[in-house]
1. Dividing the alpha-carbon radius of gyration of segment 247-347 by 2.2 N^0.38 Å (N being the number of residues), what value is obtained?
2. What is the sum of charges, Lys and Arg at +1 and Asp and Glu at -1, for the other residues whose Cβ falls under 11 Å from the Cβ of R81?
3. Can you list the lysines whose alpha carbon is less than 23 Å from that of K253, not counting same-chain residues fewer than 8 positions off?
4. Looking at L221, N127, Y50, which one has the Cα that reaches farthest to the positive end of the dipole of the chain (charges on Cβ: Lys, Arg +1; Asp, Glu -1)?
5. For segment 146-277, calculate the relative contact order in percent as a whole number, restricting contacts to Cα pairs under 8 Å that are 6 or more residues apart.
6. Take the alpha carbon atoms of the chain, find their radius of gyration, then divide it by 2.2 N^0.38 Å using N residues; give the quotient.
7. Which ³J(HN,Hα) values in Hz, rounded to whole numbers, follow from the phi angles of segment 135-142 under the Karplus curve 6.51 cos²θ - 1.76 cosθ + 1.60, where θ = phi - 60° and Gly and Pro get x?
8. Of the peptides 423-432, 191-200, 378-387, how do they stack up when ordered by the mean number of other Cβ atoms within 10 Å, highest first?
Amino acid sequence: MGLAAVSAMPIVVAAALFCAPLAAQPRPGDSNPKRLIEKADRLAWLYNWYMAGPLYGQAEKLYEQAGDSRNALYAKIGRLRSEWETMSFPEVSEYLATELDSPLAQNDAQLRLWILDAKGAVDLEVNVTSARQEYEEARDLARKVGDKAREARASGELGIIAFMEGGTGNSIELLGGALRTSIELKDVGAHIRYLNLMGNGLTLFGRPEDGIRYFDRALQLVRSTPELDTSTMAVSGKARALIALNKRAEAEKLFQETLARARLRNHGGLAASILTELGDETNEAGERTRAIEFYEEAVTLAGANELHRVVAMAMFGLAKLYRDIGDLEKAEDRAAKGVEASQKVGETFELPARLALLARLRSDRGKFEDADRLYEQAEDVVDGLLVSVASPNSRTSLIGAMSQIYIDHFALTVDRLKNPARALEVLERARGRTAADVLRNRDPIPNIASRVRTAHEREIARLQIRLMRTPGRDERRQILEKLFDEEQGLTGTTLHQMPRLMGQGQPIELAKLQQSLRPDELVLVYALGEPKSYCLVIDDKAIRAVIFWPQTRLESAI
């Protein structure tokens, strides 16, 4: 993973697994919640949420017993951040949005800053536009109260968002400024984070040697900070840079050393994450047997720690490997479990492609009807996600995933189901969705009340979570219809005056199309692809599919 497109977004946050622990859980005798919060805040400021979490949890209970709702909420937010890898990001975002509207957060600048930072971090995973709004407010509020460190951190996160949204120049300026400020203010946690992000960016842009220098500086800072042991961002980033330089042996040594420390510290979450990275690295090197061993151990450890995101990543690594070696039964099993893990935590951008992989495996095993349903579910999820995605990179990634899903689904209906009528429905839906996406107006109404906008955004988030977890076609249709209504309410678009894109705007039925044709007329519908292309030939009585040249050969001939 790297600091780039949607598929790489988890590396940006990864807060719960940022550092490995050096200390044990809080002592049973720790009964001063203020002292617990001070210790937890110091660790959290270093992004060591693993160690901070239990301290926040104990302080939360003590404050609740004392009837101190403000500090209990503060501690709860800290505890939640330490547990994110086990939770649904969309649901956490929804909870934090509710707390931001509470009187406590409205009237307490420091508490509001705390919640804004948490919500911005989680929304980096699910809604970049919302994250930008939250970090902009956090930056302005921090400036107002004179908190230079939090102002700089918010500016740094806005640099990450600018990169995601395609503003590379602005991103470098913001990140560079945040890095300089972290040095001036001796903000070690931010310094390490931005060193890692700069290293990721340099590696991404083909300068791995320079990237390694940043990662080494980050690791040196970690070693000089008593509360830290290692930075998974630095380890993973440096290993990727080494692999880019064809130094795989050095990369694996770095992973193995980190894995040994994680095991020594009994940090199952960090070990599972490193094992997944080792699985990726050995798989790329063609060492399938070792890769399977690493992934399987990662699944065991991550499952024991309820780290569903790591489970999903490792399961899909296994699914692809088992598919490649011809063990389709195990491949299907691992893919199904990976989808289940993705749905538990509401993984938005990854889920459609994972549903599509499971569909392909079901098809390969002769379960064509199941595959058809899974492809349609993946298409519905993409449709629902496009409602709230404004980032160009995110949209490009989603549309790219949607295109491949439709291509594979079309091929299934023609080659396996032998159902050209269903193929026409799939193809026309794909083209209709493309047109609908062009017509979408994603800019909120300029003068829309903040509370009204927030209400629409929350309902969209809730509906998207339901959509990702709903297997039934009819219920998904209803959810998509509601999503369309919320989108209109948010943007003030006039599309409601046209036939509904989600409802009445469904593809034309084959029978109605055929009724409109004369006996001497044909409709030819082309679907170009590799390794073959198709043409649906429709007359007033029948429809059939013709297979012809692949797209590259056809374009060359033309």
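A short reminder: the numbers here are calculations on the coordinates, not readings from a lab. Everything quoted here is computed from the prediction, not taken from an experiment. Note that we place each Cβ from the backbone using ideal geometry, even for glycine, and neighbour counts take in every protein chain shown.
1. Working: Rg = 13.2 Å, N = 101, 2.2 N^0.38 = 12.7 Å.
Computed over Cα atoms of segment 247-347, the ratio equals 1.04.
2. On the way: positive: K76, R79, K119; negative: E83, E85, D117.
Within the 11 Å Cβ shell, the charges total 0.
3. By straight Cα distance, K253 reaches K238.
4. Highest projection toward the positive end goes to L221.
5. Values: 147 pairs, mean separation 19.4, N = 132.
Relative contact order for segment 146-277 comes out at 15 percent.
6. Values: Rg = 25.2 Å, N = 558, 2.2 N^0.38 = 24.3 Å.
That works out to 1.04 for the chain.
7. 6, 5, 5, 4, 4, 5, 5, 4
8. Values: 423-432: 19.6, 191-200: 26.3, 378-387: 23.8.
Ranking, from highest mean packing down: 191-200, 378-387, 423-432.
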